[in-house]
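Worksheet for the structure shown next.
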Amino acid sequence: MQQSLLSLFLILSGIIILVFILVYLSSIQSQPQQGMKNPLQKRFWFITIMVVVLGMFFFITIPKSPYYLYANEQPARIVHTVSSQFVFLMSNQDIDPAQPMGENIELNTNELVEFRVTSLDVTHGFGIYNDKYELVAQTQAMPGYVNKLRWKFSEPGKYYILCLEYCGSGHQVMKSFFNVK
Amino acid sequence: MFKRTFSTLLIILLISNYNSIANNLYDKQDWREEEGIYTRIYDAKIKLISGEQTSIHQLAAKKPLIVALVFTRCAGVCNPLLLQLKENIQIILRKNQYKFSVLVLSFDPLDSLKDMQNLAYRFNLLNEPNWELAVVDSISSMTKSVNFFPVWDMRKKQYDHDALLVGVNTQGYITKKLIGLRSADEISLLISDINNVYRPSYRLPTPANMFTCFNYDPKTGKNTPGWGLAFIALPALLTVGILAFLRLRGKYHS
Amino acid sequence: METKKLNKITALWIVAILVLFILSIILGIIMRLNQGELIKIQPPTFYADMTTHGVTMIGIWFVAGMAAVNYFMERYVKTSYTANMFAMVMTVIGVVMLWLSTLVGNFHAGWTFLYPLPFKIMWSTWATPLFLWSIGVFGIGWFVWTISLMAAMLKKYSMSQVLAWQHFGKKDPEVSTPPFVLISMISLIGVLTCLIAAVILLILLFAEYYSGGTFKNDALLIKNLTYFFGHTIANEMLYLGLAVIYELFPEVSGRPKLKTTWYVALAWNLTLFFVLAAFFHHLYMDFVQPEGLQIIGQLASYLASLPSSGVTVFSIIVVVFRNKINWSLTNSLFFIGIVGWVVGGVGAVIDATISNNFILHNTLWVPAHFHTYNAMGNVLFSLGFFHWFSKYATNHSLPDKYSFVKLAILIIGGVGFLLAFYIAGADSVPRRYSTYPKGLESAKTLAAVGGVFAIVYLTGILSFFVNISKRCLNVLFQRS
């Protein structure tokens with residue numbers, strides 16, 4: 001997914017750079033002041049195309065937002081997740097903030113898991129990476145709030161949690177994992 | 001080099017963890033409402049005051065449940081809990097379309113069905129369609145499954161216990177809990193929750209913040225603006241004010 | 001005499017900005033090299049470095065835009081030199097306080113200083129208030145400057161004129177608002193709004209700090225305010241640069257001045273609103289934020305791209321397309337800067353899509369796109385102005401030497417540096433990591449490559465710095 005976004009970006013950037021190079025060359029090679037014919041009309045078409053393309057993107061992507069993921073299903077598993085500087089604690093049970101304790105988490109493929117993510121101190125990020133270290137899903141861990149992230153893991157294997165919000169000098173060592181069988 | 005980095009990190013880890021734990025104790029966040037969420041409530045056999053025998057899961061299968069735990073000799077929180085619940089539910093029923101029933105269970109082994117009938121009579125619940133009162137046969141398994149641990153106070157001859165409401169969906173899962181006497185809004189939130197309405201987030205019952213952005217309105221499922229939101233709108237409003245002032249001043253000087 | 005005074009102030013701004021820019025680039029290179037494990041610094045040092053880099057860069061490119069706008073504003077209305085100088089003094093004091101708090105006090109909560117991180121003290125205890133006050137000092141200086149520029153404009157133009165409303169539905173209204181005045185005003189309104197947001201943010205943070213914790217803030221509210229301020233100021237500084245381009249691009253190209261038309265007026269008036277609502281896209285992954293605001297965030301971010309591309313970029317293309325213009329270093333920098341701005345915008349729109357943000361948020365994709373329209377956009381806009389100013393104010397009319405080489409170095413360095421960011425972002429590498437954990441294999445190599453290209457970019461900047469600052473110092477020490 002990320003790679004296709006990169007390709008999209010590179011293609012669009014390539015087109016943009018090409019257009020500007022052509023515009024530049026047209027200036028260098030032009031006879032004095034030929035100018036653009038009917039620029040207002042071209043401008044109108046350009047904006048219309050932009051509106052249509054962006055509008056399409058908007059209506060296609062909005063329903064794919066994480067807030068609507070599996071909203072009509074009943075989760076099979078709840079994983080309580082508490083983050084604090086600089087550890088993630090995950091548990092099948094609720095976590096007591098006075099004595100936070102985590103446990104090893106094993107999930108099954110294709111079962112709907114709901115991660116209930118919060119923080120004990122500062123804002124952290126809860127980023128789920130697969131064993132190839134590709135980011136598959138994320139939410140923020142904000143103190144005072146619980147974010148519910150629903151996800152189905154289609155591939156078995158080891159998954160890593162990395163912190164995706166800067167949380168202090170141990171931010172880069174904040175890491176945890178769980179298994180999907 | 002690696003060793004030094006590692007030891008520095010370890011020190012940072014220790015210090016910062018110490019800090020965060022100290023801060024947490026200071027904050028005294030009450031997360032008991034998070035306990036046992038999405039575990040199943042114990043499927044105890046219950047006897048309703050109508051005389052009907054059923055079980056908690058069977059009853060929940062018909063309509064999702066709000067389970068209230070009381071005992072009839074209670075001189076403490078049970079009465080206000082039931083009174084307020086009844087009042088709030090009357091308010092909610094005018095607006096809320098979700099299905100639910102309230103199941104009032106006794107956790108006192110000494111309570112008989114007769115006692116519960118009297119309780120229903122006292123609170124005028126006999127003809128309320130959404131209310132069921134019952135006694136339960138395996139009290140300890142049931143209370144344990146909802147993390148409810150009343151303590152017998154020898155001096156007062158009373159149970160010392162929380163005012164607990166447990167939301168149970170039609171599959172028998174506990175989806176939300178409320179501890180303490182709560183507002184109609186929060187009861188309504190509980191009702192939408194046991195009807196499996198997914199909301200991506202909720203606030204924890206932390207010490208009240210003066211300026212929060214949103215208060216969740218369970219009746220509509222939407223957030224209503226809180227005081228905090230005013231702060232987000234304030235910059236724009238102030239800017240308009242300053243611009244108007246500058247223009248008036250400019251006009252005056254020219 | 002009067003112009004000389006403004007020239008001196010502007011020259012001083014330029015030298016100060018370039019010196020701070022070079023120092024901040026070096027901080028940036030240190031970060032990339034450390035991530036690439038070519039050098040080794042301790043994590044707290046890395047993050048203090050990161051905090052310094054972030055706040056300084058935003059600060060200097062904001063004041064660069066302001067200084068340029070102030071300079072050209074003088075063509076239309078009388079501006080206050082006192083306010084301009086006051087802003088400079090406050091900026092210098094603010095930078096000193098900031099660098100003390102981070103480099104000496106080791107404060108390292110990031111330029112976002114996301115609540116409650118500044119209060120989880122992992123540095124000298126005095127560094128937190130010093131850092132917050134440094135932001136306050138910047139805020140006061142810039143607030144006064146913004147107000148004074150607005151007041152100057154509103155003395156001459158009415159509210160509707162300054163926003164070019166008389167251009168709606170009329171082809172040639174009696175009073176024509178110059179595009180420069182319109183865009184400056186729109187940007188300054190945005191600036192003022194986000195500075196007020198910063199004031200509210202600081203008041204809330206100080207309330208908690210000085211009450212010893214009896215007053216508690218709400219993390220969600222503070223995050224909203226942080227990005228209201230942070231996102232908006234970063235966005236508005238680009239628009240300040242565009243105001244300068246509207247003014248200067250046709251002038252140095254030997255083309256007639258751009259005029260305000262109904263669509264230019266409409267585009268910029270709409271931009272004001274889109275920009276103020278776009279900051280919500282920083283909170284997409286905070287599911288606690290109501291969905292309505294998340295959708296507004298995506299909508300506003302998409303819509304903001306329409307007036308920018310359809311009106312501003314298109315206007316520049318119309319000026320250049322099949323027109324023989326006087327190409328110089330100044331308008332080349334502007335032209336390349338526009339490309340950088342648009343390309344960065346594409347990266348931004350991709351990331352401002354909620355479903356993409358789900359897998360790109362806080363990866364290196366984020367620094368990738370904002371470095372594109374800063375390092376290859378806004379910086380070039382300002383460099384173009386600096387270069388033009390340094391020649392104009394010293395009556396220097398000789399043609400530029402080695403322009404092609406200078407630009408080539410800047411582009412090669414910039415593109416390489418940015419590509420390393422984009423590829424790492426697509427490889428899910430998290431941002432703001434002092435070193436990378438095992439498993440993120442490409443991250444280290446890309447960081448090292450990015451660092452090396454950043455050194456090339458720095459070389460390009462230095463080549464500009466030498467000539468520009470030499471001439472600016474001449475302006476500064478001219479006898480008046």
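The values are calculated or read from the model by the stated rules, or taken from the named source; none is laboratory data. All figures in this text were calculated on a predicted structure; none of them were measured in a lab. Here the Cβ positions follow ideal geometry from the backbone for every residue, glycine too, while neighbour counts run over all protein chains shown.
Condition check: modelled with pLDDT under 95, hydroxyl-bearing (Ser, Thr, Tyr), farther than 24 Å from residue C:281 by Cβ and assigned to a strand (DSSP E or B). Does residue A:48 satisfy that? Judged against the criteria, residue A:48 is not a match.
Annotation note: Cβ proximity below 7 Å between a residue of the range C:385-396 that is at negative phi and a residue that is surrounded by fewer than 17 Cβ atoms within 10 Å (Cβ to Cβ) and at pLDDT below 95 (sequence gap 6+ or interchain) occurs for C:394/C:474. Does at least one position in the range A:25-39 carry a residue that is in a loop (DSSP other than H, G, I, E, B) and among the small types (Gly, Ala, Ser)? Yes: one or more hits. Run down C:246, C:210 and say which single residue is within 18 Å of the chain's Cα centre (by Cα) and at pLDDT below 95. Going through C:246, C:210 in turn, the sole match is C:246.
Tallying residues that are of a type outside the set (A, V, I, L, M), out of contact with any Asp or Glu (no Cβ under 7 Å at 6 or more places or on another chain) and farther than 26 Å from residue A:71 by Cβ within the range A:118-174 yields 13. Within the range C:27-50, the set of residues being within 13 Å of another protein chain (Cβ to nearest Cβ), crowded, with 22+ Cβ neighbours inside 10 Å and of a type in the set (D, E, K, R) comprises just one member, C:49.
Scan the range B:147-171 for residues that are aromatic (Phe, Trp, Tyr) and part of a loop (DSSP other than H, G, I, E, B) and the total you get is 2. For residue A:95, the conditions (1) crowded, with 18+ Cβ neighbours inside 10 Å; (2) outside any loop (DSSP other than H, G, I, E, B) are fulfilled apart from (2).
Helices (runs of 4 or more DSSP H) fully within the range C:78-197 that include at least 2 residues being touching a residue at least 24 places away in the same chain (Cβ under 8 Å), more than 10 Å from every other protein chain (Cβ to nearest Cβ) and closer than 25 Å to residue B:236 by Cα: C:81-99, C:127-156. Screening residue A:81 against (1) more than 10 Å from every other protein chain (Cβ to nearest Cβ); (2) closer than 30 Å to residue C:45 by Cβ leaves a single unmet condition, (2). Would you call residue A:100 in the same structural domain as residue A:163 (by TED's automatic domain parsing), outside any helix (DSSP H, G or I) and without any contact (Cβ under 8 Å) to a residue 40 or more places away in the chain? Against the criterion (in the same structural domain as residue A:163 (by TED's automatic domain parsing), outside any helix (DSSP H, G or I) and without any contact (Cβ under 8 Å) to a residue 40 or more places away in the chain), residue A:100 qualifies.
Here C:148, C:160 are screened, and the one residue that is touching a helix residue (DSSP H, G or I) at 6+ places or on another chain (Cβ under 6 Å) and hydroxyl-bearing (Ser, Thr, Tyr) is C:148.
Considered as a group, the residues in the range C:350-372 that are surrounded by fewer than 24 Cβ atoms within 10 Å (Cβ to Cβ) and within 18 Å of the chain's Cα centre (by Cα) include one that is nearest to the other protein chains (Cβ to nearest Cβ), and that residue is C:366. The residue that is farthest from the other protein chains (Cβ to nearest Cβ), counting only those in the range A:51-78 that are surrounded by 18 or more Cβ atoms within 10 Å (Cβ to Cβ), under 19 Å from the mean Cα position of the chain (by Cα) and not in a helix (DSSP H, G or I), is A:69.
Of the residues making up the range C:316-346, those that are at the interface with chain A (Cβ under 10 Å from one of its Cβ atoms) and β-branched (Val, Ile, Thr) are C:316, C:317, C:318, C:319, C:320, C:325, C:336, C:338, C:339, C:342, C:343, C:346.
Report yes if residue A:109 is in a loop (DSSP other than H, G, I, E, B), at pLDDT 95 or above and within 30 Å of residue B:170 (Cβ to Cβ), otherwise no. When the stated conditions are applied, residue A:109 passes them.
Take residue B:160 and tell me if it is modelled with pLDDT under 85, closer than 30 Å to residue B:46 by Cβ and assigned by TED's automatic domain parsing to the domain that holds residue B:88. Judged against the criteria, residue B:160 is not a match.
Within the range C:264-300, the residues that satisfy the criterion of being under 27 Å from residue C:169 (Cα atoms), away from chain B (no Cβ under 12 Å) and either among the hydroxyl-bearing types (Ser, Thr, Tyr) or within 19 Å of the chain's Cα centre (by Cα) (or both) are C:268, C:271, C:274. I'm trying to understand the selection: among the residues of the range C:201-223, which are free of Cβ contacts under 8 Å to residues at least 60 places away in the same chain and surrounded by 20 or more Cβ atoms within 10 Å (Cβ to Cβ)? C:201, C:204, C:218, C:221 - these are the residues of the range C:201-223 that are free of Cβ contacts under 8 Å to residues at least 60 places away in the same chain and surrounded by 20 or more Cβ atoms within 10 Å (Cβ to Cβ).
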